[in-house]
Structures are given as C-alpha cells and as structure tokens.
Amino acid sequence: MTTPPDPAILLGGTTPHPAASPTEQALLDWAEANPIDRPRLTMDGTGQRYRAFPPDTDKERSYTRVTTFAEALDDTAGLTVWRHRLLAKGLATLTDELQACTDDRQRDAVVAKALHIAGEKLKADLGTAFHLAMEHAVMGTGNRPPAPYHLDVEATLAALEGAGIEPVVELCESQLWNPTFSLVGTADVLARGPWGERLRVCDYKTGSRIERNGHAIQMAVYANATHRFTGDGWEEVPPLDGEAGYIIHTPSGSGTCTIYEVGLALGDYLANMAAGVREVRKDAAVKKLFTHVNMATAHQASDEIAAAMAAVDEIATTVASNTGRMVDPYEATPEPPAATEAPDGTSWLVERVRTLAAANAEAKGHLARRWPEGCPTVPPWSEAQMLALGEVLAPLEVAVGIEAPFPPLGSVFAPLADEAAPSAAPADEAPVPPGMWQVDDEPGLIDHDLATAIEERFAALDGERKALAATWARDAKAGSRPWAITRDDLTPRVLAISAAILAALTAFWDSDGAADCDLLTRAALSLAIGEDVQPGWRTGAVLGALTIDQARRLDEMAVAFSVDQHTAAEVGAKALALAA
C-alpha cells in the first residue's frame, strides 16, 4: 500500500530540480554552492509576509511583500490555465500517492508535490540564480555561473555600461520599506547615472516577457521607499529618483539584454489603484452591501436601489390616456421622437412595467437597474428600444410567474401574436437569468498562445463532448452571449469562459456522459455565480454571461473537483439539490 505524503516534509531545495534540464540544473547547483551572505528579514509562518520592527515604532509586525502587492491588478487567467496544465502533468506521476490520501491536508501536499515535479517554480529559481550571478559580477568576486548563463551576465554588464548605469555595490539586493503602503520588498539594484544626483531603481527580469503593470508598480513602490534593512535595524536610503527607473530584461539563457526606461508617474497611479483594490477585498463594510437575492421575497432596498425603483414607479404611473405617452418630471422639455418610432405596442410595454412593479419589489428593482442603455425613461421609443425593453421584461416576468398578455396586432411585437399560447413558459426556453445581462465585455490584451492551446484542446475532444459543447454554444448564441474561442472579437472574458468550459467538459464527464456533465456544470455554475441556476436557464447562456471572476471560479472548481474531496462534495450536493 502506498503511504500518503506527509505535508510537513518540505519538497526540497533546488538540487535536484525534477523539471530542470542539465544546463539549468548546473546553474541551480552553482547558485546553491555560492551564496552571498546578506542580512535578511525573517518571514512569517505563511512564507508570504515579512516580520520586522518598523522604523517608526518598536512593535514587531507583519509586512506584505511588494511583489504580492503589485499582483493586485494582474489578470491571472493565463497563469491559472498554465498551473492547471502543470498540475495535470505532475499528478499523472503521483496517482498512487493521490489515491492513498485520506484527507485534504494530504491532498494539498500531493498537489504541491505535483506542481514542483512539473516545474512550477523552475523559472523563478533560475531567475534567483541570475540575480545571484549579477551580485557576484557587480561585487567583482570573479565567481561566474556555468555556460551558457555566463553569457547572460556578460550581456547584462555590457548593456549597463552602455547605458551609463552604475550599480551601487553596497545597495544591491536591498530590502526596502515603503511607509506610504506599509510594504517591504527587495530592490535588485540602486544605481548612479548621468540623469542626476538621485539614485534610480533598477529591476532584473529574466522571463520571456515583461508584465508592465506589475513591474511599474514594484518600481514606483521602491522609488518611494525611505529605509533599508541592514541586519542591525533600519537606515535611511539615499535620495531616490521618483521620475524614472529601469527594467533590465535578460531572458534566461538567451545571452541578450535589453534595458527599458520606465516612467514612474504611471507606476504611482497604478500603485494607488492596487491599494484600493486590496482595501476593497478586505473591507467588511463593502462585504455587507452584498446579500442573497430571493426573487420570491421582497427585501429592504438600499437608498440607490430605492431611487431606481422610484423611477420605475414614475414610469408605471404617469401614462396618458390613449397614446401611452409618459411625462418625465425631470425634463424641462420632452425628448424629440426617435428616428424610427414604433407604431404601436407602447401601451402594452407600459402595462407590463406597471404589472411587474406591482407584483414584486425585487423584480422592480432589477428592472430599474437593467433598464436598456440609451433607452429613454419616457416614450416615444424606437423599434429597437422597444425590443430591448421587452427582452429585459421577459425574464423578470418568468422569474416572478407573470404571464405577459399578447402584444397588439400591428406592433413591432406582432410576430409573437401568431404563435400558439403556451400553458406555461417552457423551462428550456427561458432566457439568461436576472442579474446576469449587461456584462461589460471590454477588449484587452489576449494571450494568443493560450487561446490557440484552448482551441486545439477543444478540437481534440471526443464526439460526445464536442456535441455537448456545441449545444452550449448554440444556447449562448441564442441568448446573445456567444463565447466561441474562434470569435474574431475575442476578449479576456470570453477567453476565461472558454478555459472554464474546457475544464468543465474534462472534469465533470463520467460514464453517464452529457447528462451528468451538464448537471454538474450547472451545480458548479450555481456556486460560481452565488445563486441557483434555475431549470429554465440554459446552461450555455449562463456560461456566456459569466464575468471573468465567475469564469475563473468555475475553472478552479472544475480542476479541484477530481483532486479535492471538499470541492467534489460541495458540487455533488448542489447537483442533487438542482436535480430534486
């Protein structure tokens, strides 16, 4: 019988590194054998925060690392998928250990070991070794790293000399304290140069690309530091230049170096934004603003929602006798008619608004918040605006249980009147759920390598999974929330949704095929969005309406489903509840 791993046993240092090539291992061995003794602050039990007596008090406390702080604005979708691939690769070699686990603590240890085996920290370890090699070079110890990494050092030294950047030896790898954000971090280089008397912050980067936002934040935080740790306490740092710094980019093993000047005004702005994001995440007062929404029960609304409801009340009660025209009390003069005003149907829409507002307070609030963008609060409405308002009203009526009357003949809604009247709205024809429309889908930087990888994995799925994915895609398109990875207008949100769908098709598929996969996906979706996916909500449409954060939560649950007992139990219980 295989013994489960002891979570208390460390995975080991850099020797040997299971994912390293022979040349990479040679560099790691060299770094382990040639350390430089520098004073360092201790870390807390999590290994993520420094413990120190700050310069301004005599009470020891914990400090967030600058690198952790700078990650607050990162889009981690690509990183998450990359870690998932590594986890799958590592777990493939640890199946016996995984099956022998009896609790989550042991499973966590197997996951950590799997990521280590697959090389999660390899690039970071190689970067640390390069930092050490540059310290030796700047200090003139004559201790050089093995080939081919000595070429990285030579290229970097030549680039620094060519740019007139002169590292201050005693300030290399300084642990700095920033009082503005109460952060501690290690600045690679503080340097003199032709720009003036103040020292500039320089940062070594060895990855294949530069994370511009995060790096700008780091450098701005360091440039506003006031003290550095010496081993005997804190001392003031020389005046630092807050205008600019330098990224020294030496891709590992490339033998090349490029230096980028970074304007720190943007870095300061982004740092303040990151601080705000972190504050919101931990602010209990903000969390209290979010409560569970039950469409069957009216709750006390906030002042903002109450104001929105009042606006809907105004719409529902100020109707003229024959045309359905409403009076807006906030406008000095009525809005001019739209270019393509609908012939009829206005009174019908007004009646639907009035009925909904009278039936359910929460539905009224949802209507106020989801009022179509660009649609006036008073008629006349254009044909497109009337159709948009009808799309907003329909799902709310389904949720509340109101059967809308047939539209008048001759209106823009007339085609609906030719259909047979159903006894009840078919469950599989309900649109996207309330609270999940109007998703902002702003363009952004796309990891095209990741997009290609996801597209290839979709293409490699078996026929049954492809059929289920195609069904979901059709539902999403019908709900005006397409998520196909091959879209020309691919956005970060659609990419995150596609990754989550791929993870769901992989993790939730069992011997019962599409039915169970769809049910488990709906259960995980319920947990991801924070409300039960109702029987009338099509799976594909709900998937297409996810935000980036919701898609990532779905992705994480799918990946954890097969390796984490708690997640599997949570999703399974929700699936049973939905199926009941």
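The numbers here are math on the coordinates, done by the rules we state, and not lab data. The structure displayed is predicted, hence computed values, not measured ones. Backbone-built Cβ (ideal geometry, glycine too); neighbour counts: all protein chains shown.
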Two-site FRET efficiency, LEU151 against GLN48, from Cβ-Cβ distance with R₀ of 35 Å, rounded to 0.05: 0.55
Cα centroid separation, segment 527-563 to segment 52-127 (Å): 24
Interatomic Cα distance distribution for segment 158-238, bins of 10 angstrom, percent: 17, 48, 30, 4
Principal axis dimensions, segment 192-277 - Cα atoms, whole angstrom, descending: 38, 31, 28
Potential extension, ARG83-THR68 segment - 0.36 nm per residue separation minus Cα distance: 3.6 nm
Loop sites in segment 186-282: chymotrypsin sites (Phe, Trp or Tyr not before Pro), DSSP, at most 16 other Cβ within 10 Å: TRP195
Cα gyration tensor shape for segment 69-160, rounded if a/c is under 1.5, else prolate or oblate: prolate
log₁₀ of I(q)/I(0) at q = 0.13 Å⁻¹ - segment 448-579, Debye sum with one point per alpha carbon: -0.47
Loop-located trypsin sites (Lys or Arg not before Pro) in segment 182-231, at most 14 other Cβ atoms within 10 Å (DSSP): ARG209
